[in-house]
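Visitor: The structure is given below, and queries will be raised subsequently.
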Amino acid sequence: MTLTSTARRLRRPMFRERRRETWYAIAFVAPAAIGFVVFYLFPAIRGVWLSFTDYDLFSSGEFVGGANYAQIVDDKVFWNALLVTAEYVVVNIGLQTAVALLMAVLMQRLAKSLVIRGILLVPYMVSGVVVALLWQWLLDYQIGIVNNALDFVGLPRQSFFGDPALAILTVAFINVWKSMGYTALLLFAGLQAIPKDVYEAAAIDGASEAKAFWRVSLPLLRPVLALVLIVSLIGSFQIFDTIAVTTKGGPVNATRVIYYYIYDLAFNRYDFGYASAIALVLFAILLGVTLIQLRLTRANKSDLA
Amino acid sequence: MTTIAVSRRRFHPGRAFAWVLVGVFVLITLFPFYWMLRTSFSTNGALPSHSNSLLPAEGTLDAYRRVLGLSSVSEALEKGGSTASVDFWRYLRNSFIVAISTTVVQTLFSALAAYAFARLRWPGRNVVFTIFLSALMVPPIFTTLPNFILIRDLGLLNTFLGIVLPNLLMSPFAVFFLRQFFLNISTEIEEAARLDGAGHLRTFFRVIVPMSAAPITTLAILTYVAAWNDYFWPLLVGQDENVRVLTVALGIFKAQTPNGGGPDWSGLMAATVIAALPVVILFTLLGKRVINSIQFSGVK
């Protein structure tokens, strides 16, 4: 009896301390939690609800069941947008990863200078709007320096943004230019993490530099590469700034990517219900891509471990 | 040892080619910025006839005067500008207001939350943290549509509060990023502070924050750059001239084609220089830290 009461007396301040700690934790988390609930959680739930209504910013919005989703199935512009987005993502990610990998290897093998890494990162730090305007000027049909250069070497001038066959490739190229230094830096960090003795062993075995890259660097870089791919892939699906500034989805629908289509539906046609349904589909696509990627990554856990 | 030194000094065609590649990458990165500067100091009318000249075409500061709202309408028209009023001083000020307030408030509240997630023990901590993290998965546009309705219903369209509010109180990334750092601080120092009678708030500000100055600064820079460069959200809620930020202003400026003739390229390039410069300066001063933290996030 006395023993338990002593124990209780000893434990009581601890209990009080725990309660105090909980109150402090609640106070510390509260501002962020309010921000989270009001601007992340609540809109996410509301977005799902909107996708089942015909809300248009001016009326209260009637529940229309799955009508929006049924509309998506027959919406040629949506499928085209998905196709254009896929084309953009494949070109952007493919080119960017290849160039960044080359840059990363160069950084690691000879140019370890921080200044060079800093320079290559500048386009990533600058706003997408600035980059878009800059390239629109460089690629101008009449007096742009790139077309002048084409002219100089005897190639025909190109309407980079006006030609439906070129427009989305141009946008993809611009964003490769913007992010290649950033991607290269991430891959460079991955290369730095590979222990030196692996290369030494390869060199002793008589492996050339090229062989060391294909047989040593690349396989050991796989986990980092996979992570970088997934992050840039998700970002790539959300291409908006460049298109909003330069082509506005045109010519015709050649650059009407899914993000721009959603924006157009919501803010030019006030069709919030339908726009929300497409946004939810985009969410599902990204979730699917992430899950597939995560699976692949887990299957290929670092060979170093 | 000697063989390595010798082979280093010997001319190596492969190595030389690799250095050429590095040079090409640096050139591809820097030349567009040079061209932006060069054009911004040019006279619009002279651009077509000097389209290949590496120096500014009929060098002048007119473009800057025009976009900073320092030249009269007729003067601007004459130099290939448009009749619409442009005042990049004001947009610069607006961008500073938005980026600085977002950075300060968001970093503070995200750090407080990160501390509670990393260091305090309370029921439901991990569940709440996981829910916070799940927000990283949601594509921004999905929550942007309802957020726009909310901001409109609150009557906050075309106000600074409306522009900053969704990002003001937290960002899931910031909470996640700082929590990782707080987890690694040794508990002994914290306990010593607690034994000295410091409360949780004091421990946070006097021990945790000073010890995490580096990651907090890094995060603040990243937040600042993101807020400065954001286009989508301010485009939706802040087109009014009084709150128009640089990115939105650039888009509108681009759309205002002057009467006759092509776009006001020297004016546009001057405006992009103004929009890019603060971030480039910040990056030059603190770039080392940013580079290191990006590399860190790559390995982790």
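Just so you know, all these numbers are worked out from the coordinates, no wet-lab data involved. Quantities reported herein were computed from a predicted structural model and do not represent experimental measurements. Neighbour counts are summed over all protein chains in view; Cβ atoms, including those assigned to glycine, are modelled from backbone coordinates with ideal geometry.
Visitor: Which of B:Ala99, B:Ala275, B:Ala116 moves the most in a Gaussian network model of chain B with Cα springs under 10 Å?
Guide: Fluctuation is largest for B:Ala116.
Visitor: Order these peptides, B:133-139, A:115-121, A:237-243, B:17-23, by their mean beta-carbon neighbour count within 10 angstrom, highest first. Display every interim value, and only then the final one.
Guide: Values: B:133-139: 16.0, A:115-121: 19.3, A:237-243: 22.6, B:17-23: 13.9.
The most tightly packed comes first, giving A:237-243, A:115-121, B:133-139, B:17-23.
Visitor: Still on this structure, I have one more. Mind listing the phi-derived Karplus ³J(HN,Hα) values for region A:122-134, rounded to whole Hz, using 6.51, -1.76 and 1.60 with θ = phi - 60°, and x for any glycine or proline?
Guide: 4, x, 5, 7, 8, 4, x, 5, 4, 4, 4, 5, 4
Visitor: Which pairs, out of A:Lys112/B:Lys288; A:Lys76/A:Lys178; A:Lys178/A:Lys211; A:Lys211/B:Lys288; A:Lys248/B:Lys254, put more than 21 Å between their alpha-carbon atoms?
Guide: A:Lys76/A:Lys178; A:Lys178/A:Lys211; A:Lys211/B:Lys288
Visitor: Continuing with this model, one more query. With θ set to phi - 60°, apply the Karplus curve 6.51 cos²θ - 1.76 cosθ + 1.60 along region B:153-164 and write out the HN-Hα couplings as whole Hz, x wherever there is a Gly or Pro.
Guide: 5, 7, x, 9, 5, 6, 10, 4, 4, x, 6, 8
Visitor: Still on this structure, I have one more. Loop only by DSSP, 13 or fewer other Cβ within 10 Å of the Cβ. Give me the trypsin sites (Lys or Arg not before Pro) in region B:21-127 that pass, ordered by residue number. Before the final figure, lay out the partial values.
Guide: Details: sites: B:Arg38, B:Arg65, B:Arg66, B:Lys79, B:Arg90, B:Arg93, B:Arg119, B:Arg121, B:Arg125; in loops: B:Lys79, B:Arg121.
Here the sparse-neighbourhood loop sites are B:Arg121.
Visitor: Rounded, prolate or oblate: which fits the protein assembly as shown, taking a ≥ b ≥ c as square roots of the Cα gyration tensor eigenvalues, rounded meaning a/c under 1.5, else prolate when a/b beats b/c?
Guide: Values: a/c = 1.64, a/b = 1.21, b/c = 1.36.
Oblate, since a/c reaches 1.5 and b/c is not below a/b.
Visitor: Return the long-range amide H neighbours of A:Thr53 (sequence gap of 5 or more, or a different chain), with a cut-off of under 5 Å between placed amide H atoms.
Guide: Sorted by chain and number, the residues that satisfy this are A:Val64.
Visitor: In addition: Let a ≥ b ≥ c be the square roots of the eigenvalues of the Cα gyration tensor of chain B; is it rounded (a/c under 1.5), or, if not, prolate (a/b larger than b/c) or oblate?
Guide: Details: a/c = 2.67, a/b = 1.31, b/c = 2.03.
Oblate, since a/c reaches 1.5 and b/c is not below a/b.
Visitor: Within a 10 angstrom radius of each residue's Cβ in A:223-232, how many Cβ atoms of other chains show up on average? Whole number is fine.
Guide: Partner Cβ neighbours, averaged per residue: 1.
Visitor: Quick one: if the Förster radius is 22 Å, what FRET efficiency do A:Lys76 and A:Arg295 give, using the C-beta to C-beta distance and rounding to 0.05? Write out the running numbers ahead of the final one.
Guide: Working: r = 33 Å, r/R0 = 1.48.
The formula returns an efficiency of 0.10 here.
Visitor: Could you pull out every residue, at least 5 positions away or on a different chain, whose amide H is within less than 5 Å of the one on A:Gln158? Hs are placed 1.01 Å off N in the peptide plane, and Pro or chain starts have none.
Guide: Correct list: empty.
Visitor: Can you sort B:His50, B:His12 so the residue with the fewest Cβ neighbours within 10 Å comes first? Display every interim value, and only then the final one.
Guide: Values: B:His50 15, B:His12 12.
Exposure proxy ranking, most exposed first: B:His12, B:His50.
Visitor: Per residue of region B:52-66, what does 6.51 cos²θ - 1.76 cosθ + 1.60 with θ = phi - 60° give for ³J(HN,Hα)? Whole Hz please, x for Gly and Pro, Karplus curve as stated.
Guide: 10, 5, 6, 8, x, 7, 6, x, 6, 9, 3, 4, 5, 4, 5
Visitor: Can you give the helix-only mean residue ellipticity at 222 nm for the protein assembly as shown, where every DSSP H stretch with n ≥ 4 adds -39500 (n - 2.57) and the sum goes over all residues, rounded to the nearest 500 deg cm²/dmol?
Guide: On the way: 29 runs with 428 residues, N = 605.
Counting only the DSSP helices, I get -23000 deg cm²/dmol.
Visitor: Separate question: Please rank A:Glu209, A:Glu200, fewest neighbouring Cβ atoms within 10 Å first, as an exposure proxy. Provide the component values of the computation, followed by the final result.
Guide: Details: A:Glu209 14, A:Glu200 10.
Listing A:Glu209, A:Glu200 from fewest to most nearby Cβ atoms yields A:Glu200, A:Glu209.
Visitor: Here's something else I'd like to know. Would you mind giving the mean number of other chain beta-carbons within 10 Å of the Cβ of each residue in B:47-53, as a whole number? Could you put the intermediate results ahead of the total?
Guide: Values: counts 4, 2, 1, 1, 8, 6, 0.
Shielding by partners across B:47-53 averages 3.
Visitor: While we're looking at this one, here's another question. Using r as the Cβ-Cβ distance of A:Asn268 and A:Glu209, and R0 as 51 Å, what FRET efficiency do you calculate, to the nearest 0.05?
Guide: On the way: r = 54 Å, r/R0 = 1.06.
So the FRET efficiency works out to roughly 0.40.
Visitor: Here's a follow-up. Fewest to most neighbouring Cβ within 10 Å: what's the order for A:Trp214, B:Trp35, A:Trp135?
Guide: Ordered by Cβ neighbours within 10 Å, fewest first: A:Trp214, B:Trp35, A:Trp135.
Visitor: Per-residue mean of other chain beta-carbon atoms within 10 angstrom of the beta-carbon, peptide A:277-283?
Guide: 3
Visitor: Still on this model: Suppose each label sits 7 Å from its Cα in the direction of the beta carbon; what would the B:Leu195-A:Gln192 distance come out to in nanometres?
Guide: According to this spin-label approximation, the distance is 3.7 nm.
Visitor: Shifting gears a bit: What FRET efficiency comes out for the pair B:Asn184/A:Asp163, r = Cβ-Cβ distance, R0 = 56 Å, nearest 0.05? List each step's numbers first, then the result.
Guide: On the way: r = 53 Å, r/R0 = 0.94.
Efficiency, from the Cβ-Cβ distance: 0.60.
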